[in-house]
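Okay, so here's the structure we're looking at.
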Amino acid sequence: MHNDTAPAAHSARAFGVRQFDSERIDGRCNRVRRKAFLYRAGDPVAECVFAVRYGSFKHYRADGTGAQKITCFPVCGDFLALDSIGQTKHLCTAIAMEDSEVCEIGYATLRQQPLLFHSLIRQNILDIRNTSLQLYRSPAEQRLATFLLRLARQYGQQGDAPTRYRLPMSRPDIANYLHLAPESVSRLLHHFKLAGLILLENRDIVITDLPALEQMALATGNRSLSHSMGS
């Protein structure tokens, strides 16, 4: 990881209370090359969190067998290492999926911004709860639709067209995160294409029917896609 000691000059943006204003809070910029680790499970905690300025990461832990279990895919505006607050060693690993940059924010700086700090912790708890509910209780179609919409909204807040973006992660990684088989993810993406919800070429995706995909992300939307698939 290459360190750049210049303070961040732009805001790292995200939806909700995770918005970070780097003009109010100084932080050191760290460039992280593709496939490089920001930190690994077992590394000492450096008493800081990281705001993603650009790029994307894969965040995962190891289960009892040593297999990877992906917990999230942080992109621009998201924070990393919130789960390490209060720990002496990192519990998870963060690796860059593309050339990225993060802003390092020390605990001391966060303590000077109690509203931001408490908002980050509250949002982290809500994210964990909501993600757990979705991944373990929702049908596969709904999980994938919600995942694609969430990415679109995040990239849309970076100034890109919210219905067109590039998937930085692989199909097996998507499957791992959504608790599905890789074959199921490929099959569902194909069905989404046939239903006219998306266009997909390699990792480039275009949401062609946003209202329908949003409906698919709701429990009531699953029946219509299943019917259109002929299943």
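The trypsin sites (Lys or Arg not before Pro) of segment 164-203 that DSSP puts in a loop, and whose beta carbon has at most 13 other beta carbons within 10 Å, are Arg203.
Each peptide in 73-80, 146-153, 36-43 gets a packing score, the mean of other Cβ atoms within 10 Å over its residues, and the list from highest to lowest is 73-80, 146-153, 36-43. Amide hydrogen proximity for Gly27: with H placed 1.01 Å from N in the peptide plane, the residues at 5 or more positions away or on another chain lying under 5 Å are Ala8. Sorting His118, His90 by accessible area puts them as His118, His90; the probe is 1.4 Å, largest comes first, and only protein heavy atoms count. Based on protein heavy atoms only, segment 49-131 ends up with 45 Å² per residue of surface accessible to a 1.4 Å probe.
The values are calculated or read from the model by the stated rules, or taken from the named source; none is laboratory data. Because the structure is predicted, anything quoted here is derived from the model rather than measured. No Cβ is skipped: glycine too gets one built from the backbone with ideal geometry, and neighbour counts run over all protein chains shown. In case anyone asks, the SASA skips ligands and DNA or RNA and just uses the protein heavy atoms, side chains included. Shrake-Rupley method; radii C 1.70, N 1.55, O 1.52, S 1.80 Å.
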